[in-house]
């Protein structure tokens, strides 16, 4: 039994060391990318924002989108119901001019400020109700039919993301290389009123954020901050590939991989999501993410399952050996070594990851400073949450997302069970 423990303990320590080294590479990648001069590549961009319901801070999120430091772009908001409560917020913060935008007009915002400012043209699109795909995917499939003729780049952003002023400029920059498939950022959760549930979600999400980096072959797209050249979007048949899918970003990732086109991660395109979450909401959110992963990336789900079991089993066994064996024997010293090394590497990885994100989310220095102790302690519980998620994904492919219940039959077959 001790031999088996030693084997798995050595494996966990090695994986922890590997993870720590990836944290070093993650921070260096951020530093290197931020040291590069700004790009002059600024084609006309269509920013597409699917909305459903009222996100926390939706007004501020929309303001951030229409106040980008970018010369030529439009913003298309898309909903599936003209009576959706998000519509009133959209109208309050932008001037909707119907199907024909008035390019670069000056007009006063009806919301937070009264002084005239220059806005990008905006419009509101109402998508049909989804049949056989998620409503978000249906919204995106409809929105791309309404972009301006001169648009050269499509940018997809979630309504719960709050990008920085230069987000769009940085996100689009890698697409100057016509061989690039897509450029992507990722989210970082910041709670307005920190609770255990909110911070657990942030730590859980952070472990996925650091999987992105310089390796364009292993990167994936996050639908809340992704840019694709229009010609590439058409060449890979993305609108048709979305048909029948639930996950917009997994579908884009699969399409780019199939086409052999690299996915570039842009650190400056990491966006803050400012919202609170109860523990039950966090479990629901993470379960949904893992159910989607099981269908769209089964090997990744399996690795998460095995990894969480390995971590929990070895750390629990090491703790019990140290507590129960009072002989000061070799197994006790091995157990202590395992606990120390795994903790050291895991805390180090969390610190490196947070330090990297602080380089780009400069508007949230105080909040991120507060996250230090939480990110460097709650990592111990993150594998438990991952195990819960993996088990939930093994037992069911059904989930509720934005008030609609879906069942995932396959990556290209989604069944709507119930909708609002």
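Since every read-out is calculated from the coordinates, none of them should be taken as a lab result. Quick caveat, the model's predicted, so the values are computed rather than measured. In this analysis, Cβ positions are derived from the backbone assuming ideal geometry, glycine residues included, and neighbour counts consider all displayed protein chains.
Taking the C-alpha atoms only, the angle from helix 298-324 to the longest principal axis of the chain is near 40 degrees.
Taking Cα atoms only, the orientation of helix 330-360 departs from the longest principal axis of the chain by about 20 degrees.
Derived value for region 353-420: Kirkwood hydrodynamic radius 15.3 Å. Basis is the mean of 1/r over every pair of different alpha-carbon atoms. Taking max minus min of the alpha-carbon positions on each principal axis, region 127-231 gives extents of 47, 37, 28 Å, largest first.
Mean 1/r over all different Cα pairs, inverted: what Kirkwood radius does region 274-420 give, in Å? Intermediate values should be presented prior to the final figure.
On the way: mean 1/r = 0.0554 Å⁻¹.
Radius from the Kirkwood sum: 18.0 Å.
Look at where the Cα atoms of region 45-77 and of region 381-397 average out, and the two centres are 33 Å apart.
Taking only Cα atoms, what is the 0 to 90° angle, nearest 10, from helix 382-395's long axis to the longest principal axis of the chain? Tilt relative to the chain: about 70 degrees.
How big is the equivalent ellipsoid of region 202-292 along its three axes, where each semi-axis is √(5λ) from the Cα gyration tensor, reported in whole Å from largest to smallest?
Values: eigenvalues 130, 54, 27 Å².
Sorted largest first and rounded, they come to 25, 16, 12 Å.
The P(r) of region 1-74 has a tail past 16 Å containing 74 percent of all C-alpha pairs. The largest-to-smallest principal axis extents of the Cα set in region 333-380 are 45, 15, 10 Å.
Secondary-structure-derived ellipticity at 222 nm for the chain, considering helices only, amounts to -15500 deg cm²/dmol, per-run term -39500 (n - 2.57) for DSSP H runs with n ≥ 4.
Note on residue 347 and residue 178: the model spin-label points, each 7 Å out from Cα along the C-beta direction, lie 5.3 nm apart.
Summary value for the chain: 21 percent relative contact order, contacts being C-alpha pairs under 8 angstrom separated by 6+ residues.
Within the set (1) 27.3, 82; (2) 21.2, 65; (3) 22.5, 80, the number that Rg and Dmax of the Cα atoms in Å takes when calculated for this structure is listed as (3). Per residue, the convex hull around the alpha carbon atoms of region 255-331 comes to 214 Å³. Of interest is the spacing of the C-alpha centroids, which for region 15-36 and region 181-236 amounts to 16 Å.
Take every pair of alpha-carbon atoms less than 8 Å apart whose residues are at least six positions apart; their mean separation over the length of region 158-311 yields a relative contact order of 38 percent. In region 279-420, Cα pairs under 8 Å separated by at least six residues give a relative contact order of 33 percent.
Using only the C-alpha atoms of region 271-313, find the volume of their convex hull and express it per residue in Å³. Before the final figure, lay out each step's value.
On the way: hull volume 4.5 nm³, N = 43.
So the per-residue hull volume is 105 Å³.
Each residue in 186, 364 was given a count of other beta-carbon atoms within 10 angstrom of its own, and listing them fewest first yields 364, 186.
Seen from a random direction on average, the alpha-carbon convex hull of region 170-251 projects onto 6.8 square nanometres. Summarising the label geometry, the points placed 7 Å from Cα in the beta-carbon direction at residue 196 and residue 88 lie 3.6 nm from one another. Would you mind calculating the gained length between residue 306 and residue 284 on full extension (0.36 nm times residue separation, minus the Cα-Cα distance), in nm to one decimal? Between residue 306 and residue 284, full extension yields 5.8 nm more.
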